[in-house]
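The values are calculated or read from the model by the stated rules, or taken from the named source; none is laboratory data. Remember, it's a predicted structure, so these values are computed and weren't measured experimentally. Cβ sites come from the backbone with ideal geometry, for glycine too, and all protein chains shown count toward neighbours. Ligands, DNA and RNA are excluded from the accessible area calculation, which covers all protein heavy atoms including side chains. Shrake-Rupley method; radii C 1.70, N 1.55, O 1.52, S 1.80 Å.
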Amino acid sequence: MNTRPPTECPTWAKLAQHAESWRSVHLRELFAADATRERLFAAEAPGLRYDYSRQRLGAMTLRLLTHLAAERGFAEWRVALLSGSTVNSTEKRAAWHTALRAGAAAPAEVKETLARMKQLVVSLRDNKPYRRIVNLGTGGSDLGPRLVADALSDGEIDVRFAANVDPHDLERALEGAEPASTLFVVVSKTFTTQETMANAERARELGARNFLAITANTAAAKAFGASEILPMWDWVGGRFSVWSAVGFAAACAIGWERFEDFLLGANEIDRHFAETPLEKNVPALMALIGVWNTNFLGAPTHAVLPYSNALRLLPAYLQQLEMESNGKRVDREGRPVDYATAPIVWGAEGTVSQHSFHQLLHQGTHSVPADFIDLALEKNLSANCRAQADALAFGTDDPALPPHKQYPGNRPSSFFTLEGVNPRNLGRLLALYEHKVFTQGVLWNINSFDQWGVELGKELAKKILSGGR
């Protein structure tokens, strides 16, 4: 598989030259010249439509980007990912999160764990032995299940989350409940994660007696007093683990059948990613267009704007997924890179975001590519979502307007349309971004599945706590 720098690929130089021809092209001109642009520059995956017609690119741009993917050995890397081969080079592991939602084709250990999860979830929801469930985890052991529960909870059981070592976070999660009548789900692969174990110890000090552990360190979990232990595997990274036992608290919040639908939606995208040609492959297109914006049009940030209160936590989830995965300064061979990798990901739910940072998007000095996510929930939301994307793209061209009322436009965005917030659509959406991240890692020749950049701060904190400097 190709591990040379992408800048050595012939197409990289062609894309740099091609980008120069786009400096003076405006999206208004592109749409005026081609009434079919919105139809041509779009692709479909199960349950969704991806419209990238408002991106600053053309047919030649896409041809060059797909040539770059071929030169980077994308097809070979994709097979390696989906077959469970070693793609995490620094830790010598697979990144086989797709196996977690593979249904009948899943490994036996995955099927066994899902069966145990189902039994526990159904029992907890039917018999209600606890007034509340509190998930104790951080990073990938928190953001994924928290997002799913917040978006899809049916209210059948009260599920909350604590991730911060600040005691106030746990206090909020326990507000109105007794620790003794609460089930604490402790999620830590090593069962040594500082924030998670501090919260677990604090819960025990407050009188908690009921612990379920999700970990690879069975001995430590038993010693702590966990009555049930579900496994974590080293071939699943934390930020890709919501599909596993890490999603247990989320499954309790939404019900087992709906959690299975969540897995099914992701599997549909896995198959789309595996089987669809690049020019119609939605997550691959997302990745290619992101590289175009980041490396050739010079955009250092990327906004995610879901027009749904249910998806208000999606930007935070994607911040970890994208920036922890691809925020790297060396390539797979340990060489410093001389090109940009992951952009800064940020955003918030619409229409709330329109009254905060959209001012910068429309009239600021930065051009920020954006993903608009329209769940077609109701006309007002959808109208605002479409209007914002159009305003960014086309702006105003009335010279009679004073300068402070002018919109330059030509700000790129993509538009996702899904029919409602439901488990299958959420699974589809998260899987899209997972495969986008992987594809961009291939294009940039970086390992998307390690996160050594978080380790130094942890070690320094331990030293400070032990009395060192």
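Quick rundown of the values:
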item: Farthest positive-ward along the chain dipole, Cα basis, beta-carbon charges - from Pro343, Leu57, His272; result: Pro343
item: Shape call, segment 131-192: gyration tensor on alpha carbons, a/c limit 1.5; result: oblate
item: Charge dipole of segment 259-407 about the Cα centre (unit charges at C-beta), most positive-ward option of Asn384, Ser353, Pro283; result: Ser353
item: Set Lys111/Lys280; Lys379/Lys436; Lys280/Lys328; Lys118/Lys222; Lys328/Lys462 screened for pairs whose C-alpha atoms are more than 26 Å apart; result: Lys111/Lys280; Lys379/Lys436; Lys280/Lys328
item: Accessible area, probe 1.4 Å, largest first, for residues Leu230, Leu381; result: Leu381, Leu230
item: Sparse-neighbourhood loop sites, chymotrypsin sites (Phe, Trp or Tyr not before Pro) in segment 419-469 - DSSP loop, at most 10 other Cβ within 10 angstrom; result: none
item: Computed P(r) (all Cα pairs; segment 118-236; 5 Å bins; percent); result: 2, 11, 23, 27, 22, 12, 3, 0
item: Accessible surface of segment 349-469 [probe 1.4 Å, protein heavy atoms]: carbon and sulfur percent; result: 57 percent
item: Calculated diffusion of segment 1-44, Stokes-Einstein form, Kirkwood radius summed over Cα pairs, 4 °C and 1.567 mPa s, µm²/s; result: 98 µm²/s
item: Local electrostatic count at Ser367 - Lys and Arg +1, Asp and Glu -1, tallied over other residues with Cβ under 14 Å; result: +4
item: Amide hydrogen neighbours beyond the local backbone of Ser414, cut-off 5 Å, H modeled; result: Ala370, Asp371, Phe372
item: Pairwise FRET efficiency - Thr3 versus Ala32, Cβ, R0 = 51 Å, nearest 0.05; result: 0.70
item: Antiparallel %, DSSP beta bridges [both residues in the chain], to 5; result: 25 percent
item: Segment 284-373, Rg to Rh (Cα coordinates; Rh as Kirkwood inverse mean 1/r); result: 1.00
item: Dipole magnitude of the chain about its Cα centre (Cβ charges: Lys, Arg +1; Asp, Glu -1), debye to nearest 20; result: 480 debye
item: Nearby lysines by direct alpha-carbon distance to Lys463 (threshold 23 angstrom, same-chain neighbours under 8 apart not counted); result: Lys189
item: Per residue accessible area of segment 328-397, 1.4 Å probe, in Å²; result: 48 Å²
item: Structure-based [θ]222 nm, the chain - -39500 (n - 2.57) summed over DSSP H runs of at least 4, per residue, nearest 500; result: -13000 deg cm²/dmol
item: Ile289 accessible area, assembled protein chains, probe 1.4 Å, Å²; result: 0 Å²
item: Pairwise centroid distance, computed over Cα atoms, of segment 219-267 with segment 75-126, Å; result: 11 Å
item: Karplus (6.51, -1.76, 1.60) ³J(HN,Hα), θ = phi - 60°, over segment 347-360, in Hz, Gly and Pro reported as x; result: x, 6, 6, x, 8, 4, 5, 4, 9, 10, 9, 5, 3, 5
item: Gap separating the Cα centres of segment 128-206 and segment 10-28, nearest whole Å; result: 49 Å
item: Kirkwood-type radius of segment 231-356, with distances r between different C-alpha atoms, in Å; result: 17.1 Å
item: Size descriptor, Kirkwood hydrodynamic radius, that averages inverse alpha-carbon separations across the chain, Å; result: 23.4 Å
